[in-house]
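Some notes on the structure that comes next.
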Amino acid sequence: MKVDVIMPKMGESINEGTLIKWHKKKGDSVEKDEILFEISTDKVDTEIPSPEDGVLVDIKVFENETVEVDSVVAVIETEADGAVVEEASAEPPEEEPSTTQVGGELIDIPMPKMGESVMEGTIIKWHKQVGDKVERDEILYEISTDKVDTEVPSPVEGTLAEIIVKENETVEVDTIVAKVSTSGGLVKPKEKVDTKAEEKTEPEVKETKPEPAPQQTQSKSAKPNSNKFYSPLVMNIANKENVSFDELENINGTGVQGRVTKKDILNYISDRKEGKTAQPVKESTQQESRESKPAPKLEAGEGTKIIPMDNIRKRIMHHMKNSRDTSVHVSAMIEVDMSRIYNFVKANKSKFAGEGVKLTYMPFISYACIRALKEFPLMNASIDGENIVVKNYINLGIAVAVEPNGLIVPNIKNADEKNIRGLAKSIAELGQKSKNKGLVPDDIVDGTFSITNYGVFGTEFGTPIINQPEVAILGIGTIIKKPVVVEIDGADSIAIKPMMYLSLSHDHRLVDGMLGGQYLKYMKETLENFDTSIV
Amino acid sequence: MSKNYEIAVLGGGPGGYVAAIRAAQLGFKTVVIEKDNMGGICLNWGCIPTKSLLKNAEMYDNILNHSKDFGITVEGVSFDFTKIIRRSRNVSTKITRGVDYLIKKNKIERIKGFGKLKSKTEIEIFDDEGKSIDSITADNIILATGARSKTVPAIPVDRENIITSTEAMILKEQPKEMIIIGAGAIGVEFAYLYNVLGTKVTIIEMLDRLVPVEDKEVSDVLEKSFKKRGMEIYTGTTVDKAEVKDGKVHVTITKDGETKELIADKVLNAIGVTGNIEGIGLEELGIETFKNHIVADRRTYRTNVKNIFAIGDVIGPPWLAHVASAEGITCVEKIKGLETVNVDYSSIPGCTYCQPQIASIGMTEEKAIEEGYELKVGKFPFSASGKAAASGEREGFVKLLFDAKYGELLGAHIIGSEATELIAEVGLAKSMEATFESIIKTVHAHPTLSESIMEAAADAYDEAIHI
């Protein structure tokens, strides 16, 4: 049987992709799920696995060609003897096998709510195929949202009965993406003949929603904080056409003061349908005007290489720029004598390791940071228009570098309720999850203050960018032994001390130099006089 | 050595002088070249003098026909036609002087004469005798030469018996009979004017109804009103010829295959306007024209020749002063390189100042249906408005069209008293992309005619209170 391999749909707004690399040649045999080719879209690059075992008999799209979603890219012959490499196109693909329920309960698997502001998710990979057995809590599929990528476990034990949302499709939260049969009582249609008798005993189809997180629901029309004005008509169209607020925010407006007009949103919707581009390029209103300078166009050539940004890079770019555009960044630094903690860590590292806790400086610094935040609650706040939102909980963000080029800031929820051990564990856990793509959006949202430890790279001090909507971020420098002047019994002398710079970038809209300085001083005093007996 | 300017505007009408002022505001060294008074047709021979005449007509109409409805007895009412005309001219002169002042205030150079493009950057100026009197150069040239009455061979305008709107507003004496060919805004305004003053007015329109660009229901109300006033109306009628015999004009018309001859003192040719594209050097420079209009991009107002722009009536319909002004401003802002908003041609209000007044914006119902919209239509008659009843102006209605799918306000059509002032609210609503909720949730003062707009919006969604 010949199976068409198609250009997958990579997201709502993506209607074409460029084939960047073939991993197989015509005539090669491929296994199911083996990488067949790589594609690049304006959102992400990804590798596409083979849908079936077989032989790659025809390649219809060559490297660097861009084709529309659903175009046939290649043909695979699944039966070995039929595997004659040929040019002629294959017959239309057969319908994907569905299954027949013959007993047990069918449980709907909805797209999980991934956080307050996340309205939709893209299924990036199914770990199970229809008919596969699945354990409770076993990973069923992976999703990608505009916040994080995560794996979603099965809420029940059973058999994957039906996949409703295919890979690379984007659906709204709560959309049913699959059905799991709890008793494994289902068969593929090929075996249908054998089970006709049983089929009559149709089971009660019961819909149970597996533990939707008790998140605040937010309708599409809900208008999050934005300084932009959207006309009633544009809001109506957005609602009717399911244009999310984030999308709306990214549409280039051509109206008065850059306002998004009916025409802009309708163009956006039609582009989205046609898959031209997620963000229509703003029509230049100053064509050839005397003041407009043409931007130098980058072309790959001698000495340059053009690398399209991946999704993570784009997100980081967006967040960083947004933060710079939002907050008035100022940075202040203080030097801290880390002798006490340094000695304690040195003395107790192996002991803690035995207990499974990796003892680093971070838990201590976090602990001191949390105390300082308690002392100066305005540091643990955000700005909403002309109001200050002071938070009485502390969700401490820890910036984690993700190889090769990612950066993410998950936060420790209610960090003020944790002791040093608890913090150490949480920090290690978040680090692990970040590296293993195990973060869920809730790990990312609702942070109240962040720490970034660039000291691990040997950096002494930096001026970090605030993680919005927070008002400050603490940068941790590396600890270096330095000669410092100490006063012993009224006499100055030089001692060697493990010294560390803390730098605080704060949003001058809310946090002035005095508060920033007081905060740093408080941290310094806490760290220098750390009561290690509490550990 | 001729003087060099950054922007030269050819034509001092509502397109040209507004463009020049905006250019001066943006710091351009600007010159405007106009052979006549500043203000163009609009201020000299159009909008302003006709509105002045129409105000006379309206007052006389009220005194003569409506004073007794209000319990006022007026006897021996009469008018002096020449004084009516003189008042109109005075108003016009006053307003054009105002423009002269604005030009001076903005330090714009004003050259009186007929400008002709000599090259892509040069304009030569001629006096009335066609003698070259000056020459300037400019980095950017904006053509705003406007339009004039269109004529056809069948109706040979002699400016004596067969006249255009220009002559119609400065006649020495009131004609006894007048045939008006063309029932667009100009035609029906003069029809109302002369009918009120006692001239026997006949209107001939080639299309099937009066004011054919307006919504059909508007045409119906107007026709009923005009007929009641005693006008004779021939729609769907073509004019085969018009001839002057012994000081009278004989007009041969055909309606439904039947031919008829009408006779009148004066025939007003109001069949439309045509762009002033002659003698300004377009052919020599290869500036593209189409059907007597300059071809210009409706966003940048560029012609096919670099740095030569064109705005207003000379680039074709809708031939409205306010459109010319908007185009002039936009054009200059784009030359400056400002981020500006394109003129929204779907939201241009159009006003006709006969009584009942007509004002509209956006699509007619016919057009909207043709475009495939599913409509929600709301209509509120002034007969249900308290203010209209109090004022004795119960004629007409407000009609609003909404797109059923997204709630967009697609069009508004108002006929009745003060329609031309009422349309402004709808214009703002439309340009701000308001939906019906926005209109009905805006508290409208009571009692006003504008409440009718709110009610019409509500009616579209079956929420009207007063009908």
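The values are calculated or read from the model by the stated rules, or taken from the named source; none is laboratory data. Model, not experiment: these values are computed from the prediction. Backbone-built Cβ (ideal geometry, glycine too); neighbour counts: all protein chains shown.
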Applying the selection to segment A:239-272, what residues are buried (at least 18 other Cβ atoms within 10 Å of the Cβ), among the basic types (K, R) and within 14 Å of chain B (Cβ to nearest Cβ)?
A:K262
Number of positions in segment A:450-480 that are out of contact with any helix residue (DSSP H, G or I) (no Cβ under 6 Å at 6 or more places or on another chain) and within 30 Å of A:E120 (Cβ to Cβ)
7
Cβ-Cβ under 6 Å pairs, at least 6 apart or on other chains, segment B:223-251 side touching a residue at least 40 places away in the same chain (Cβ under 8 Å), far side buried (at least 20 other Cβ atoms within 10 Å of the Cβ) and among the acidic types (D, E):
B:T235/B:E205
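Mind checking whether some residue in segment B:356-366 is surrounded by fewer than 21 Cβ atoms within 10 Å (Cβ to Cβ) and away from chain A (no Cβ under 14 Å)?
Our first condition is that a residue be surrounded by fewer than 21 Cβ atoms within 10 Å (Cβ to Cβ); within segment B:356-366, this holds for B:365-366.
After this cut, where a residue has to be away from chain A (no Cβ under 14 Å) as well, the list is B:365-366.
So far as segment B:356-366 goes, yes, one or more of its residues are surrounded by fewer than 21 Cβ atoms within 10 Å (Cβ to Cβ) and away from chain A (no Cβ under 14 Å).
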Looking only at segment B:340-355, and only at residues there that are touching a residue at least 40 places away in the same chain (Cβ under 8 Å), part of a loop (DSSP other than H, G, I, E, B) and surrounded by fewer than 23 Cβ atoms within 10 Å (Cβ to Cβ), the one that is farthest from the other protein chains (Cβ to nearest Cβ):
B:Y353
Could you list, in sequence order, all residues of segment B:290-315 that are surrounded by 18 or more Cβ atoms within 10 Å (Cβ to Cβ), more than 14 Å from every other protein chain (Cβ to nearest Cβ) and part of a strand (DSSP E or B)?
B:H293, B:I294, B:A310
State the number of residues belonging to segment A:310-351 that are farther than 28 Å from A:L407 by Cα and not acidic (D, E).
9
Just to confirm my filter: which strands (runs of 3 or more DSSP E) fall fully inside segment A:413-494 and include at least 1 residues that are of a type in the set (F, W, Y)?
A:449-453
Might you check whether a residue that is assigned by TED's automatic domain parsing to the domain that holds B:I308, within 30 Å of B:G281 (Cα to Cα) and in contact (Cβ under 8 Å) with a residue 60 or more places away in the chain occurs anywhere in segment B:47-70?
yes
Just to be sure I understand, how many residues within segment B:279-294 are charged (D, E, K, R) and closer than 19 Å to B:P317 by Cβ?
2
Of all residues making up segment B:62-86, the number that are over 23 Å from B:S417 (Cα atoms) and in a helix (DSSP H, G or I):
5
Take segment B:427-449 and flag every residue that is away from chain A (no Cβ under 14 Å) and buried (at least 21 other Cβ atoms within 10 Å of the Cβ).
B:L449
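Does segment B:352-411 hold any residues that are of a type in the set (A, V, I, L, M), within 17 Å of B:F436 (Cβ to Cβ) and over 27 Å from the mean Cα position of the chain (by Cα), and which are they?
Taking segment B:352-411 and keeping what is of a type in the set (A, V, I, L, M), we get B:358-359, B:361, B:363, B:368-369, B:375, B:377, B:384, B:388-390, B:398, B:400-401, B:404, B:409-410.
With within 17 Å of B:F436 (Cβ to Cβ) added as a condition, the list becomes B:361, B:363, B:368, B:375, B:377, B:398, B:400-401, B:404, B:409-410.
Residues satisfying the conditions are B:L375, B:A404.
Considering each of A:M499, A:M523 in turn, give the residue that is over 22 Å from the mean Cα position of the chain (by Cα), within 30 Å of A:E386 (Cα to Cα) and not in a loop (DSSP other than H, G, I, E, B).
On the way: A:M499 fails: within 30 Å of A:E386 (Cα to Cα).
Every option except A:M523 fails the conditions.
Could you look through segment B:383-418, keep only residues that are assigned to a loop (DSSP other than H, G, I, E, B) and on the phi > 0 side of the Ramachandran plot, and pick out the one that is farthest from the other protein chains (Cβ to nearest Cβ)? Steps first, please.
From segment B:383-418, those assigned to a loop (DSSP other than H, G, I, E, B) are B:385, B:392-396, B:404-407, B:417-418; that's our starting set.
Applying the additional criterion that residues be on the phi > 0 side of the Ramachandran plot yields B:392, B:396, B:407, B:418.
Values: B:G392: 36, B:G396: 27, B:G407: 5, B:E418: 26 Å.
So, considering only residues that are assigned to a loop (DSSP other than H, G, I, E, B) and on the phi > 0 side of the Ramachandran plot, the one farthest from the other protein chains (Cβ to nearest Cβ) is B:G392.
Quick one: which residue in A:F352, A:F376 is crowded, with 16+ Cβ neighbours inside 10 Å, touching a residue at least 24 places away in the same chain (Cβ under 8 Å), of a type in the set (F, W, Y) and more than 26 Å from A:V330 (Cβ to Cβ)? Break it down stepwise before answering.
Working: A:F376 fails: more than 26 Å from A:V330 (Cβ to Cβ).
Criteria check complete, one pass: A:F352.
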Would you pick out the residues in segment A:287-330 that are surrounded by 14 or more Cβ atoms within 10 Å (Cβ to Cβ), of a type in the set (S, T, N, Q) and at pLDDT below 80?
A:S289, A:N311
Among residues belonging to segment A:430-454 that are buried (at least 19 other Cβ atoms within 10 Å of the Cβ) and without any contact (Cβ under 8 Å) to a residue 60 or more places away in the chain, point out the one that is farthest from A:R371 (Cα to Cα).
A:S434
